[in-house]
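The values are calculated or read from the model by the stated rules, or taken from the named source; none is laboratory data. Only a predicted model underlies this, so the values are computations on that prediction, with no experimental measurement involved. Neighbour counts run over all protein chains shown; Cβ positions are idealised from the backbone, glycine included.
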Amino acid sequence: MARLLSGYNPKRLILTARNKSKGDALLEYIKTSNENAKNVEIWDMDLADLQSVKNFANKFIGEVGELHMLFNNAGYVGGVEIVKTKDGLEQQFQVNHLAPFLLTLLLLDTMKKSASAELPGKIAFTSSGLQRIGEIDFDNLNLEKGAYWNPYKAYANTKLMNVIVAKELSSIVQNENIKTYSLHPGVIKTNASSGGDFIVYCIISVVMIFASPAEQGAFNTLYPVLSPENKDTGKYYHEGIEKKPNVIAEDREVAKKLWDVSEQLLRERGMI
């Protein structure tokens, strides 16, 4: 994705990384792949640390101050045990939903000022096909309660949250020249199976046998956002094709409550 985006020779392309050595390796890869890497930068950000997200946003607003596209594309996190972040939240809930939600809120005014009818702003949330089995339980948003912990159910729930937020945001910014998207890039062959619990490693390793190459995932992510033929907003795309998402995503009452609860969690932690 980063390599393809850099090929458009953007004014500035800011890529985030929580691991500096991997970020530097990515930048080197882009530089050896095309001639348009001089405006590509790697900035620190860790979605498992809300203060890191806020620090990134403040730096972006202060040093760049202009935003036309925002891709909320968190890497896969999962496991057979509950993992808490330093913010006291379940890891998948924070990394997949709350941190990208915070980043979007903090950068929204900057995008509003940058967008125009001729050049609308674009905000994309990478979801998953598993959103179709997701649920929203406001008494147990990240499945922490109870003796049974299902990491894939928790993942599905957070990916449904991505779809809901994208759709709700499309209504909020409908008069601001901003379009929103949620999407499933497909099951993509990456190094996601290189760490974590042994059971998760085994399952993902088997799935990767049937996965699509990373380039296809990049195309599936970028197409809804970059295609001049796509005039819609707030829609969900499955491997580049518009699809109906989980019916829960159509419930405005659920969407409004999820938005409000998410804001409250961030407010309690001094992030907004």
message = Here are the criteria: (1) more than 24 Å from Asn142 (Cα to Cα); (2) modelled with pLDDT under 95; (3) in a loop (DSSP other than H, G, I, E, B). Tell me which single one Ser205 does not satisfy.
response = (3)
remark   = Here the residues within region 60-84 that are modelled with pLDDT of 95 or more and either surrounded by fewer than 21 Cβ atoms within 10 Å (Cβ to Cβ) or in contact with a Phe, Trp or Tyr (Cβ under 9 Å, 6 or more places away or on another chain) (or both) are Phe60, Ile61, Gly62, Glu63, Val64, Gly65, Glu66, Leu67, His68, Met69, Phe71, Asn72
ask   = Which condition number in (1) surrounded by fewer than 22 Cβ atoms within 10 Å (Cβ to Cβ); (2) touching a residue at least 12 places away in the same chain (Cβ under 8 Å); (3) among the hydrophobic types (A, V, I, L, M, F, W, C) is the one that Leu169 fails?
value = (1)
query = Leu143 fails exactly one of the following numbered conditions: (1) buried (at least 19 other Cβ atoms within 10 Å of the Cβ); (2) modelled with pLDDT of 95 or more; (3) in a loop (DSSP other than H, G, I, E, B). What is the number of that condition?
reply = (2)
key: Number of the exception - Ala99 against (1) farther than 19 Å from Glu168 by Cβ; (2) of a type outside the set (Asp, Glu); (3) modelled with pLDDT of 95 or more   = (1)
query = Which of the residues that make up region 146-166 are in a loop (DSSP other than H, G, I, E, B) and touching a residue at least 12 places away in the same chain (Cβ under 8 Å)?
reply = Trp149
ask   = Would a scan of region 18-33 turn up a residue that is under 18 Å from the mean Cα position of the chain (by Cα) and surrounded by fewer than 17 Cβ atoms within 10 Å (Cβ to Cβ)?
value = yes
query = Picking from Ala74, Ala99, Ala57, which residue would you name as being part of a loop (DSSP other than H, G, I, E, B), under 19 Å from the mean Cα position of the chain (by Cα) and either over 12 Å from Ala154 (Cβ atoms) or among the polar types (S, T, N, Q) (or both)?
reply = Ala74
task = Determine, yes or no, whether Ser21 is of a type in the set (Gly, Ala, Ser), modelled with pLDDT of 95 or more and under 22 Å from Ala2 (Cβ atoms).
result = no
Counted residues, region 114-143 - those being more than 23 Å from Glu250 (Cβ to Cβ) and free of Cβ contacts under 8 Å to residues at least 12 places away in the same chain = 1
ask   = Taking region 111-137 only, how many residues are assigned to a helix (DSSP H, G or I), closer than 28 Å to Glu176 by Cβ and in contact with a helix residue (DSSP H, G or I) (Cβ under 6 Å, 6 or more places away or on another chain)?
value = 1
remark   = Those residues of region 22-54 which are free of Cβ contacts under 8 Å to residues at least 24 places away in the same chain, more than 27 Å from Gly88 (Cα to Cα) and either in a helix (DSSP H, G or I) or hydroxyl-bearing (Ser, Thr, Tyr) (or both) amount to Asp24, Ala25, Leu27, Glu28, Lys31, Thr32
ask   = Do you know which residues across region 211-239 are in a loop (DSSP other than H, G, I, E, B) and under 18 Å from Met69 (Cα atoms)?
value = Ser227, Pro228, Glu229, Asn230, Lys231, Asp232, Thr233, Gly234
